[in-house]
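Student: Before anything else, here's the structure in question.
All of the numbers you see were taken from the coordinates with simple rules; none came from a lab. Given the structure is predicted, the values throughout are model-derived calculations rather than measurements. Neighbour counts run over all protein chains shown; Cβ positions are idealised from the backbone, glycine included.
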């Protein structure tokens, strides 16, 4: 038998998850069915801002099959408030969301009542019969647009303002040869995982125990939050993670339903299942982006950047949910990007409106910040008569300058530095891949009725958040291996990746490994999956556990074979001594399993980086954009499974292109969400973006973790708006069109082209 | 209140009878009555394609067809395309190309592709893209899905050739 060691990490093995998904034997939330199960549906606010005067559920309660209608009154005098999981700034505390509306409604989609019935259809039927008496109030849908205070204690609906930075931006701007200031914005959109949310809550009254299945992302945190709200010990609650149909940041945060469904199950002492429908998903799950920016760049006439000033304005929606101010804070932090900018000043204003609350979506803040900065860089380069590639080359941080501190940009975070990398080399690679030298003469050219443009976007982005992750591995009596980890799986192939790490460490065939994840039953403590941390943190914890188990295996084998550890080696699930004697893992574990715990603690972030380049055409008669070529080059330090990393990069590019051209949650001035259906909320389809490429590099491993891995799931999206908008702007430059705002829909581009033409005609 | 009536059809080659209310969709009947939970519901209004199943050879939205309309029909779901231990050619191509990540849209895409290649084993890339554009996927960006379907064509061509002989 051949040695299987050191073969799997770094190779594009097929995923261990796929056989079950491909055969329809996955287990998603809506697949759960237990004896005596009831079904919940949620009555949501149809109005953006109102006082609730009365709720009448008598007609609903009289309908057959209706078991309960739960409103704020049933929950008690104190309505639980959803905590801030990240960036718990005191300013945000009063804006947190209650799990159900009692007196006031603040967005369309806010929960008012929970109907529990014998079937989902009956529960939905009953929703329509619940009478709500409202006193309508004015909706607030824009920054500073209304005198209506959304909360009693605010006058201007601003939840938080802060200034941050380093260096002396005022001085830099005063001494600069060239300064330009522009305003940009990214529209409100959301991640739209294919599986809507869903939960099954089961209350065991005699044991006083609650089990909630369908949880994910941060199960241990959510258990603590739920225990506090329900007045239970966290040991009496388990959150179970099963298959999850996509997360992308939005799924798995603590939402109102994460309290309401368990509450209903305990109240009725019956299992209660709730499955979100797509319409409520679009008004209930976190929205994201929706950031505007006023950005200024100060340069020398030769194109060296001296300073940057950015003012971030973020529409947080009606409440501050678990993610706190992560979206605007990261938008501010990543404004300087991978460039040497000695003087930076940023400010953040997070304001409240009558819309669905905002949270993180893949590349939170980065997608926006890169778009703002890379657009302004192109404008500055154009003004100064410098090639846009040369301008970037001149300002990119060089490897000699790393680690490069970016302290002081986020008030609630400590010092941090860009870690390792060769930003210039990756930039040059992207230029080569897109054919920059050969194609740059096409910029703005009209060929066969369409204008060509090539755009660039550089980025650096953080991942691998600490503080810790835990894992445990068990060599079972049959010689198979069980890996458990506190990281969550949301469909990203983590089982395979962790299996690869364990297989290599223990020289065990991949198909003898089972990976269990996320559930609070598996470990005493887990930290979950966000901020591209699952491989960096969870993978390193599994590596630690497997390394410890390897020692235990060798020790037991040493006793078994009567040879010292130094004469033993592990080959394909067997321990072999120098003298040829051997014992299999299965034989070693026959009488008792062998188990080892592992952990990984780390507060140093990883910084992935790269460059995207896009070649587009724009039809000036219609505003339609076609992507002719797209390349994303990223250094992820180390790719455990290159096919998984590549797949996530391509998927992320397409999600990003959706954010550039399609995805848009549209509100009217009454705060009504106008497109809460998939027929109206557009996302990319198979025919939209057929030509895309991603190159994953492993140039500089991360020094923060033994795998050398950096976050890899978000680099594919963070520079898409930057590169694509620059390409569209380059195509339309001869028509004197500038791009400041997303999405780049055909009507918007057509309007920009028309307006520019009229401006020129009027001027002439 | 309930007015369940029996509906008879064939699912993955086996006769099935479900007693359902008139308003029950085919997807709900398959999932809740027959426990064929491989077919998923992504939007319940016929846009996302996750619930696509094959009815008398045609790919249909399981959420837009009532169970009662399936009376006498032959229905194929993802469970009929191959088990975890014995994946079919299309499923194997999907695994090879990493044409799925979270796996939620996969059943509908497999059903759509199976119906397409059964009818048109020579479908070219544009045709495949056009047909698959009726199914949403949020993870893969579609490229590996198209590559997998392209590769699976040969298996369907062989089946068609054998059938012709």
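Student: Quick check: pseudo-label points 7 Å beyond the Cα along Cα→Cβ at residue A:77 and residue B:86, how many nm apart are they?
Tutor: It works out to 6.6 nm between the two label points.
Student: Show me A:214-220, A:744-750 ranked by packing, highest mean number of other Cβ atoms within 10 Å first. Working shown, then result.
Tutor: Details: A:214-220: 26.1, A:744-750: 17.0.
Taking the mean over residues of other Cβ atoms within 10 Å, the ranking is A:214-220, A:744-750.
Student: Relative contact order, percent, of chain A when contacts are C-alpha pairs under 8 Å separated by at least 6 residues? List each step's numbers first, then the result.
Tutor: Details: 1966 pairs, mean separation 124.8, N = 764.
This gives 16 percent for chain A.
Student: Any chance you could list the semi-axes, whole Å, largest first, of the equivalent ellipsoid that the Cα gyration tensor gives for chain A, using √(5λ)? Spell out each step's value before the answer.
Tutor: Details: eigenvalues 356, 289, 100 Å².
The three semi-axes for chain A are 42, 38, 22 Å.
Student: Measure off 7 Å from each Cα along the Cα-to-Cβ vector at residue A:179 and residue A:51, then give the distance between these two points in nanometres to one decimal.
Tutor: 4.8 nm
Student: Once each part is reduced to its C-alpha centroid, what is the distance from region A:291-318 to region A:25-60 in angstrom?
Tutor: With region A:291-318 and region A:25-60 each reduced to a Cα centre, they are spaced 43 Å.
Student: Which order results if A:205, A:288, A:507, B:83 are arranged by neighbouring Cβ count within 10 Å, fewest first? Please report the intermediate quantities before stating the final value.
Tutor: Working: A:205 9, A:288 31, A:507 21, B:83 15.
Ascending number of Cβ neighbours within 10 Å: A:205, B:83, A:507, A:288.
Student: What list do you get for B:37, B:52, A:416 if you sort them by fewest beta carbons within 10 Å?
Tutor: Values: B:37 22, B:52 29, A:416 19.
Final ranking by Cβ density, sparse to dense: A:416, B:37, B:52.
Student: A follow-up question, please. So between residue A:235 and residue A:514, what do we pick up on full extension, going 0.36 nm a residue minus the alpha carbon distance?
Tutor: On the way: separation 279, 0.36 × 279 = 100.44 nm, distance 2.55 nm.
Once the chain is fully extended between residue A:235 and residue A:514, it gains 97.9 nm.
Student: Give the percent of DSSP beta bridges with both residues in the protein assembly as shown that are antiparallel, rounded to the nearest 5. Working shown, then result.
Tutor: Numbers: 121 of 153 bridges.
Bridges in the protein assembly as shown that DSSP calls antiparallel: roughly 80 percent.
Student: Taking each residue of A:681-693 in turn, how many C-beta atoms of other protein chains fall within 10 Å of its C-beta, and what is the average? Show your work: numbers first, answer last.
Tutor: Numbers: counts 1, 0, 5, 6, 10, 18, 10, 4, 3, 7, 1, 3, 1.
The mean count of partner-chain Cβ atoms within 10 Å per residue comes to 5.
Student: Mind giving me the nanometre distance, one decimal, between the label points for residue A:448 and residue A:666, set 7 Å out from Cα along Cα→Cβ?
Tutor: 3.1 nm
Student: Sticking with this structure for a sec: Using R₀ = 45 Å, calculate the FRET efficiency as 1/(1 + (r/R₀)^6) where r is the Cβ-Cβ separation of residue B:126 and residue A:11; round to 0.05.
Tutor: 0.85
Student: Still on this structure, I have one more. Using a 7 Å offset from Cα along Cα-Cβ at residue A:756, what residues in region A:643-679 end up with backbone N under 13 Å from the label point?
Tutor: none
Student: Report the paramagnetic label zone for residue A:138: residues of region A:42-79 whose backbone N is under 17 Å from a point 7 Å from Cα along the Cα-to-Cβ axis.
Tutor: A:48-51
Student: At q = 0.11, 0.13, 0.15, 0.23 Å⁻¹, what log₁₀ I(q)/I(0) does region A:486-563 have when each alpha carbon counts as one equal point scatterer in the Debye sum?
Tutor: Taking Cα atoms of region A:486-563 as identical point scatterers yields -0.33, -0.44, -0.56, -1.08.
Student: How high is the FRET efficiency between residue B:119 and residue A:440 when r is their beta carbon distance and R₀ equals 45 Å, given to the nearest 0.05? Please list the in-between numbers first.
Tutor: Working: r = 46 Å, r/R0 = 1.01.
For residue B:119 and residue A:440, the calculated efficiency is 0.50.
Student: Run the numbers on region A:662-764 and let me know its relative contact order in percent, using alpha-carbon pairs under 8 Å that are six or more apart. Could the numbers behind the result be given before it?
Tutor: Details: 51 pairs, mean separation 20.0, N = 103.
Answer for region A:662-764 is 19 percent.
Student: Taking the number of other C-beta atoms within 10 Å as the exposure measure, put B:86, A:189, B:97 in order starting with the fewest. Could the numbers behind the result be given before it?
Tutor: Details: B:86 10, A:189 25, B:97 22.
Starting with the residue having the fewest Cβ neighbours, the order is B:86, B:97, A:189.
Student: Please give the residues of region A:408-432, grouped as numeric ranges, whose backbone N is less than 14 Å from a label point set 7 Å along the Cα-to-Cβ vector of residue A:699.
Tutor: Correct set: A:419-432.
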